[in-house]
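Engineer: Here's a structure for you.
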Amino acid sequence: MAHTALVVGASGIVGSATSRLLIEQGWTVHGLARRPTAQDGVRPLAADLRDAAGTAAALADLRPDAVFVTTWARQDSEAENIRVNGAMVRNLLDGLRPGASTRHVALVTGLKHYLGPFEAYGRGTLPQTPFREEQGRLDVENFYYAQEDEVFAAAARDGFAWSVHRPHTVIGKAVGNAMNMGTTLAVYATLCRETGRPFRFPGSAVQWNGLTDMTDARLLARQLLWAATTPAARNEAFNVVNGDVFRWSWMWGRIADWFGLEAAPFDGTVVPLATQMADDAPVWRRIAAREGLAEADLGKLASPWHTDADLGRPIEVVTDMGKSRRLGFAAYQPTDDAFFDLFAQLRADRLIP
């Protein structure tokens, strides 16, 4: 049976990985973005989800079986995040309603479901780790909750099944994406090697010493496909991480070795990447020109602020995968290999030397 998918945010880290997997599995894939980029096998669809009428017009002839929502738009406050991102999901699902073809909608959010929004990140009373899906919502405004509520309301109205997926710090490739710790660390390591600066961990002692986990975009894509095609996964929220745990005190050395660097000793002082990399744009342009790299704009490759938010957290974060494991999702990905695969891809694509 042929399947048709609409991947919203198809050019992002999660969207591009999901599109590749669906195509490999024989799906017809339409990729929606404000400014679609060329992707092998993906049929581009341009739409700005903030524009309800424009979105409806763009979707008028589309009849997807499954919809994968992998995008969000960062705003200056959580109130604006809620207003804008809630409306984007609402406009999308309203635009698909006349076609009456959608059987499943998957929404990708993340661990801010348990940690709170950027404005109150990791503060206040938080659920006990490891985070489990039944721990529910915090008593705080959060745009993830607004996105979920739009999906739940449309599902009740239109009769489709849904799934929500909560990854922890996604490892994958997408130029111009804010949530790209892997690429940010690759660029930072390259700059340290170029300038002779120490390759020092920028985050907190809690993150350096405590246990944590991460999510490979390829594994997340596999869970998205599994949930969309597994009856037992209907109308459920799932955490999704690689399946291993590590300490940054170990991982930092692994990353340093890959780049031929020595990891600097960590003295417990937080020195954010946003500070360390503040004046590096000219250095990156020089490296890009000398090495013939595909992107000379440091701002399009690295997002220090987001990486700092993750590595600077004052609490240990570990995620439980028991719920989807019990239902049959058994995929596993060693996190150091996820980093190394990404670094090799960045090098092959001439994004790092």
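The values are calculated or read from the model by the stated rules, or taken from the named source; none is laboratory data. Quantities reported herein were computed from a predicted structural model and do not represent experimental measurements. Neighbour counts are summed over all protein chains in view; Cβ atoms, including those assigned to glycine, are modelled from backbone coordinates with ideal geometry. Surface areas here come from the heavy atoms of the whole protein model, side chains and all, with no ligands, DNA or RNA. Shrake-Rupley method; radii C 1.70, N 1.55, O 1.52, S 1.80 Å.
Engineer: Please check: in the Gaussian network model of the chain (C-alpha springs, under 10 Å), which one of Trp248, Trp208, Trp305 has the largest mean-square fluctuation.
Structural biologist: Answer for the Gaussian network model of the chain: Trp305.
Engineer: Hey, another quick one. Which helices, counted as full DSSP H runs in the chain, have an axial Cα extent of no less than 24 Å and a Kyte-Doolittle average of -1.0 or above?
Structural biologist: Within the chain the helices that satisfy the rule are 78-96.
Engineer: Could you list which residues have their amide H under 5 Å from that of Ser204, counting only those 5 or more apart in sequence or on another chain, with H placed in the peptide plane?
Structural biologist: It is Gly312, Arg313, by chain and number.
Engineer: While we're on this one: So if I restrict to the alpha-carbon atoms in region 1-72, what is the Rg, and what is Dmax, the biggest pairwise distance, in Å?
Structural biologist: For region 1-72, the Cα radius of gyration and maximum Cα-Cα distance read 11.3, 34 Å.
Engineer: In addition: With a/c under 1.5 counting as rounded, go ahead and sort region 1-157 into rounded, prolate or oblate using the C-alpha gyration tensor (a ≥ b ≥ c being the square roots of the eigenvalues; past the cut-off, prolate if a/b is larger than b/c, else oblate).
Structural biologist: Judged from the Cα gyration tensor, region 1-157 comes out prolate (a/c at least 1.5, a/b above b/c).
Engineer: How much of the DSSP bridge set in the chain is antiparallel, in percent, rounded to the nearest 5?
Structural biologist: 5 percent
Engineer: Follow-up. To the nearest 20 debye, what is the magnitude of the charge dipole of region 124-165 about its Cα centre, counting +1 on the Cβ of each Lys and Arg and -1 on the Cβ of each Asp and Glu?
Structural biologist: For region 124-165, the charge dipole is close to 100 debye.
Engineer: Using a basic spin-label model with each label point 7 Å from the Cα along Cα→Cβ, how many nm lie between Arg103 and Thr195?
Structural biologist: Each label point lies 7 Å from its Cα, and together they span 5.4 nm.
Engineer: Let me ask you something else. From the square roots a ≥ b ≥ c of the eigenvalues of the alpha-carbon gyration tensor of region 72-135, which class results: rounded (a/c under 1.5), prolate (a/b over b/c), or oblate?
Structural biologist: Oblate, since a/c reaches 1.5 and b/c is not below a/b.
Engineer: Pop out the carbon and sulfur fraction of the accessible area of region 1-73 as a percent, whole number, probe 1.4 Å.
Structural biologist: For region 1-73, the apolar C and S fraction of the accessible surface comes to 47 percent.
Engineer: Would you mind putting 136-149, 269-282 in packing order, based on average other-beta-carbon counts within 10 Å, highest first?
Structural biologist: The packing order, highest mean first, is 136-149, 269-282.
Engineer: So how far, in whole Å, is the C-alpha centre of region 150-211 from the one of region 265-341?
Structural biologist: Distance between centres, Cα-based: 6 Å.
Engineer: I'd like the carbon and sulfur percentage of the solvent accessible area for region 236-353, probe radius 1.4 Å, heavy atoms only, ligands and nucleic acids excluded.
Structural biologist: 51 percent
Engineer: Using label points projected 7 Å from each Cα along Cα→Cβ, tell me how many nm separate Glu80 and Ala330, to one decimal.
Structural biologist: 4.8 nm
Engineer: Right, something else. What whole-number value in Å² describes the accessible area per residue of the chain for a 1.4 Å probe?
Structural biologist: 41 Å²
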